[in-house]
Each structure stands twice: as C-alpha cells, then as structure tokens.
1. Is there a residue being buried (at least 16 other Cβ atoms within 10 Å of the Cβ), touching a helix residue (DSSP H, G or I) at 6+ places or on another chain (Cβ under 7 Å) and β-branched (V, I, T) anywhere in the stretch 520-533?
2. Being more than 16 Å from the ligand (Cβ to nearest atom) and open to solvent by less than 50 Å² (accessible area, probe 1.4 Å): is that true of A78 here?
3. When N307 is evaluated against the numbered criteria (1) within 16 Å of the ligand (Cβ to nearest atom); (2) within 30 Å of the chain's Cα centre (by Cα); (3) assigned to a helix (DSSP H, G or I), which criterion, by number, is the only one it fails?
4. When the stretch 650-668 is examined, which residues are found to be part of a strand (DSSP E or B) and open to solvent by less than 20 Å² (accessible area, probe 1.4 Å)?
5. Kindly provide the set of residues from the stretch 171-199 that are farther than 30 Å from V239 by Cβ and part of a strand (DSSP E or B), ordered by number.
6. Scan the stretch 249-264 and report the pairs whose first residue is more than 14 Å from H161 (Cα to Cα) and within 13 Å of the ligand (Cβ to nearest atom) and whose second residue is open to solvent by less than 40 Å² (accessible area, probe 1.4 Å) and hydroxyl-bearing (S, T, Y), with Cβ atoms within less than 8 Å and a gap of 6+ or a chain change.
Amino acid sequence: MPAAPDDPAQRVDELRSTVARHARAYYELDTPEIPDADYDRLLAELDELERANPELITADSPTQRVGGPADTAFSPVAHVVPMMSLHNAFDLADLGAWNDRVERRLEGQPVPEFAVELKFDGLAISLRYEDGILVQGATRGDGRVGEDVTHNVRTIADIPHQLPAAAPSVLEVRGEVYMKLSSFEALNQRQVEMAKATGKEAKLYVNPRNTAAGSLRQIDAGVTADRELSFFCYQLGLVEGGPELASHTETLDWLGRLGFPVNDHTKAFDSIEAVEERIRDFEARRHDFDYEFDGVVVKVNRLRLQNELGADAKAPRWAIAFKLPPEERTTTLLDIEVSIGPSGQATPFAVLEPVFVGGVTVGTATLHNQDQVAAKDVRPGDTVIVRRAGDVIPEVVGPVLSDRSADSVPWEFPASCPVCGEPLVRDEGAAATNCVNFRCPRQVRGRIEHFSGRAAMDIEFLGEKNIDRFVSLGLLEDVAGLYTLDFDLVLELEGFKEKSVDNLRKAIETSKARPLGNLLFALRIPEIGQVNGQTLAAAFGSMSRILDATVEEIAAVDGFGAVIAEAVQGWFSTPAARDLIERLRVAGLTMEAAEIDRSENQTLEGKSVVVSGTLEGFTRDGAKDAIVARGGKSPGSVSKKTLALVIGAEPGASKVTKAEDAGVPIIDEEGFVALLDTGELPNGS
Ligand code: IVH
C-alpha cells in the first residue's frame, strides 16, 4: 500500500525495493512481471520524490543505476593506480628466468611463496566503492585512462552493489569480467531460437571473450544484462582505510568476505617447482572449467616483496603470465570439400565433426590449397588434430595416423567446379586452382555480393540469399542489373512483401550516391582495393578522366607504379568494362569524386593505420574515414611502415600475424579512439 504523501522517506524505500525487484526480473532474469510503462511510472515517481528531497538520494538508488543509458556512459575515467599489463612467459625456461630475476632483485633472498591463479580470458575492469557503495566501473583503457561502464557493470549479478559495513571508505577492486561457457552457449541457443521465430538467419556470437568485451561497451545496459556476464576479482587498486594485508592470497580471502567472487583455484605454493606442477595440472584440465583461461598468472605472494620489486613501464616485476600453448583437440574429418570463392578460387576445406577448441566450436577449417592437403595427407574418415590459438582461424594440424583405417586412400582434388561443372584450372607454378568460367553463378554472385558489400556500395536488405535467388532465377546478371531490377517480379517471390521490396528499392536507390572511390572498389578492378579506389578517385577526380588515363598517368599516382597501372588500365580498356560503366552512369551513379573532409585535427598526418575485424563504434568505412579525415591512410594490409593495427571482433589472422612479425603495435578499439584523438599509441603497445 502506498505510504502517506507526507512520508517521502518511507515511500522512497518502498519504491526502491519494488523497482529493484522488477529491474532484476527484467534485466537479470529476463522474466518481467509488469509492463514497461508501469515500471517507468514507478521509477519516475521515485525520481520525482528524490528530486524534491535530495537528502534521500543514495548512490545505490535505482534512479542512479538500473536501466537505460547513463549520462556518463563511456566518459573517460583516470586510474589513480594504473591498471598494468603482465609480462608473458611462453615456457618453463621463461618462468625460471623470471624467478631468477626476482631473486636477483631481492638480493638473493628466495621468494617464500608464489600465488598461482588462472589468467581469465575476459576484460579487465576496475570497480570503485565509496563508503561501501559501488560508484563506478571502468575499463582498463590504456592503463591510465579507461572508460566509464558503470551502468553496465551494475547489471552483472556477481558484482556487489553494496559492501558490508567493515569496507574501507575508498576501495578499488580489479578483476576480469568474463562469460561462462554455459552462458555463452545459452546465448547462442537463444539466437538460434529467435532466428527460427523470425525466419531470419541466426547471428551467432563467435566466442565468450569478444562477447563479454562487446557486452560491456553497450550503450543500453539492458543488452549487457541480457548477456549474463560474470566476474572474478584479482587485485586491489586505490584503497583508503581497511585492514593491513600481508599477502595476495590474504587479500583475496578478505575480498571474498566482502562479497566479491574469488576464483577458488588460486593457491599459494612455496617453490617454483610446485608452481610448475600446478601449471601443468591446469593445462591438463583446461577443458574441465565453465570458463576460458589462456594462461596461468604467477604472483609473488608477499605484498612487502611485491612493493620491493615494483614495476617497469608496462607491468609489475612481481608477476608473470604463463601463456598456455595453442589449444589442440582431435575430431573426425568427415569430408574434404571445395568451395568456390567470389573470384573463382577453389579452396579445399575440412568438414569436421564439430569440436570446441580455443574458445569456439569448429565445424570447418580451411585446408588452403591442393599442396597443403597433399603435404598434410589428411583424408576423409581420418581422426585429425585441430588447433586454434587466440583469435586465429582454426587449423587442421594433421592426421592421427594410428587411427587411420587400412582402406583409406589419399584425397584427390576435384577436376570440375562444384558450382558450374566447368573444369578447374591450376596454372603452372601457381598454388591456387580456379574456376575460370566468367559466367559461373558463384562468380556472378560473388561480384554482386562484393559490389553491394558494406565497404563498397553498402546496399542494405540485399544479402547473399537474395542475390543467390535473383541470380539463379535470371533476374540479375551483373551489378548494373541491380539498377534495372524488376521489382514487380521480386514482389511475386516467396517471402517478399510490399514493405520488403520497398526497403530494397530504396537501398539500391541510396547506393547510387556512394562516393566514386567506393564504386571503383565495388567494381573489382584488379589491384583496386578500398584504399586504391579512394586514391584513384582523388587523383583523377572523375570516372571519365580515369577512362581516358594512360598507363603512365595511372602509374604516376602515389603508391601505384607500373604493375598496378597496367592492370588498371587493362581493365578499363575492355569493351565489357566500358559498357558496364556506361550502364551505371545511365543509372545515375556518382561518377565524380568528392572533396576529402579535413576538418579534424591532423593527428595522423602521413601515418598509416590498418583496421581489421568488426569494431563496435565504427563501420568499416567509418573507421577509414576517421583515419583519412585526420590526415592518415588506411591501407588494406600491414607493412613495417604501419603505425598500428586496430583489431575488433574476428580480425584477419594474417594481418595479426604480420603485425606481430613486423613489430607493429596491435591496439583495440579503445586504443584506436585515443589514437584518433591524440595521434599517440596507448602505453605498453
Ligand atoms: S593481474 C598488475 N591476474 O591479464 C597486474 N590479471 O595481461 C594486474 N588477467 O589486463 C593483472 N587474469 O585483464 C591479473 N588472475 C589474473 C588475471 C589477469 C586475467 C588479465 C587482466 C590484465 C591482463 C594482463
């Protein structure tokens, strides 16, 4: 029953507990008990009472936390105690060398104890409590400045909002936000069910780590809550008050008593040999946990010794992360199939009995080309070893020969294209085998898919499935055909309604205004990727000038040269290309280049920054535009001259490897945002 209007404190209390109960039902349990509008009314009443009686506002009031975006979402948070990284050890020799360095620094006194804990594969977070109330959650960022994600961490059930009375006046607790494997699987299961219900293709999350990281950077806290994240604490930041603590394990015990989730596999050992045994044990039991870890962290347990050892610019000297080797699993190779790429390349791939390895379920893995299959001699029916490390694409390492059946025979590359039936061709000396039939439906589809892709003409609502249907029904023969598509016939196709046809028509119409650089990239001209497309457009200013350009003029364009110029001019000189461009011109596509926006600070003047994978806050074009607008370039591949490789979800494995080999810093989206702003790389990268 509502309290008398003259007793706001009591009504505020009542409202708080009601709102909190419904918020939990909605955000955490996914079982709302009242309509949204009723919930909003309760929250509005509470808000009004608090505004009228500001002395009643508390940091843990639902008005200050649950639901909707917080005003402060993603604003910068300075870490008074920096959030450091860890140095890595890749084998026991590295671990031994670290131990020697520690002992040397401690002038020969052996370390009495090491704390050994798992290196959780998630996202580092710092939680700040004032007088026992959670007031802020921040990401690590570059270690000194992170992002405010308070509204999101508040939806994580593991994270206490309020601590017992004994808590210090200021307490920063650091740890890892991660996603349990069971939550990850349930989330994907929900995606499958939702897709079934809506008749769309299921959009599955790739791995728990990226999903957890992406979830924390959601503007809408409801989305974060829906993802069921978890938390383990492993470190303190700034602390004012509180008990004297002597060791890391003692700290964790105390944090556990304050209500923080502490991983129960952390233990202290009194010799480096015992630490090694513990690491081996974790490695052997890697699959027995409901969460992923990519290493084991070894810490000098005594806090006094930690202080003595201190830190270098990147990481503390008192800890080391022992990285576990790439994960390998065995499974059955059900078949070897050949896929035809959009440009006709025939790539063999392994069809596997699905296996969970390196954080994802792997059902297929590329076998690259004919020579690779021969070198590995993998055969359908074999038990094979599958490996996956970090975000790298899965790989079939080789067969388990002892399991091979006696009647198995080497696999042979098919002679004809599985799509059009025409012969496959392998040029002498080349690694690749190709379908060379220009009319092969896969290639026709491939050209249209590429043309309509996000980085090219960005035609929404078209999609691979529709392209496939239109091509196979003869409604579409090439990219120019999009602009004369018969929408009356499309409307007759199953699944199309007035609305969806209208959406598609508008999307195709909108694409006519895409910049000339996009169109050049969209046409799949040899050697013309996204960057060269923009460069070509900027250098010549219009399609007609490009059509008239000589090899010499094209070769003179910055970064082009004779080989590219020959290929480009060769393509433009064919009647088929000229005819296609003419049809596109008649259709009304943009044939003139636009001026580049240089209104931003030129923080990346002359620098090149490569972007790979999906970023949360930028489209692929958006990221490039942001770089170009700051005076930089964004080529499609990494070289020694690259300033940084920015990686989002599912980055290209070859780019990552190349960056690592060339010593090019790899930064995440947070680092990228800072880089755009300041031109500086995050500390430690
Ligand atoms: S301690 C000052 N302990 O690893 C030392 N970090 O590579 C701070 N991590 O950013 C880190 N599990 O996100 C520590 N048990 C653990 C960890 C852990 C995972 C992550 C953390 C950190 C990264 C450093």
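The values are calculated or read from the model by the stated rules, or taken from the named source; none is laboratory data. Predicted, not measured: the structure shown is a model, and the values here were computed from it. Here the Cβ is made from the backbone with ideal geometry for all residues, glycine too, and neighbour counts use every protein chain on show. Only protein heavy atoms, including side chains, enter the accessible area calculation; ligands, DNA and RNA are left aside. Shrake-Rupley method; radii C 1.70, N 1.55, O 1.52, S 1.80 Å.
1. Within the stretch 520-533 (the criterion being buried (at least 16 other Cβ atoms within 10 Å of the Cβ), touching a helix residue (DSSP H, G or I) at 6+ places or on another chain (Cβ under 7 Å) and β-branched (V, I, T)), the answer is yes, since at least one residue qualifies.
2. Values: more than 16 Å from the ligand (Cβ to nearest atom): yes; open to solvent by less than 50 Å² (accessible area, probe 1.4 Å): no.
Answer is no for this residue.
3. (2)
4. Residues of the stretch 650-668 that are part of a strand (DSSP E or B), as a first pass: 666-667.
The one that is part of a strand (DSSP E or B) and open to solvent by less than 20 Å² (accessible area, probe 1.4 Å): I667.
5. So in the stretch 171-199, the residues farther than 30 Å from V239 by Cβ come out as 181-199.
Once the filter is applied, which keeps residues that are farther than 30 Å from V239 by Cβ and part of a strand (DSSP E or B), the stretch 171-199 yields nothing.
6. The qualifying pairs are T249/T266; L252/T266.
Yes/no per residue for (1) of a type outside the set (A, V, I, L, M); (2) at pLDDT below 95:
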position: S126; (1), (2): yes, no
position: D131; (1), (2): yes, yes
position: G141; (1), (2): yes, yes
position: R144; (1), (2): yes, yes
position: A165; (1), (2): no, yes
position: V170; (1), (2): no, no
position: V173; (1), (2): no, no
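Residue-by-condition table, conditions (1) polar (S, T, N, Q); (2) farther than 27 Å from L163 by Cα; (3) within 16 Å of the ligand (Cβ to nearest atom):
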site: R217; (1), (2), (3): no, no, yes
site: G237; (1), (2), (3): no, no, yes
site: T266; (1), (2), (3): yes, no, yes
site: F269; (1), (2), (3): no, yes, yes
site: I279; (1), (2), (3): no, yes, yes
site: V298; (1), (2), (3): no, yes, yes
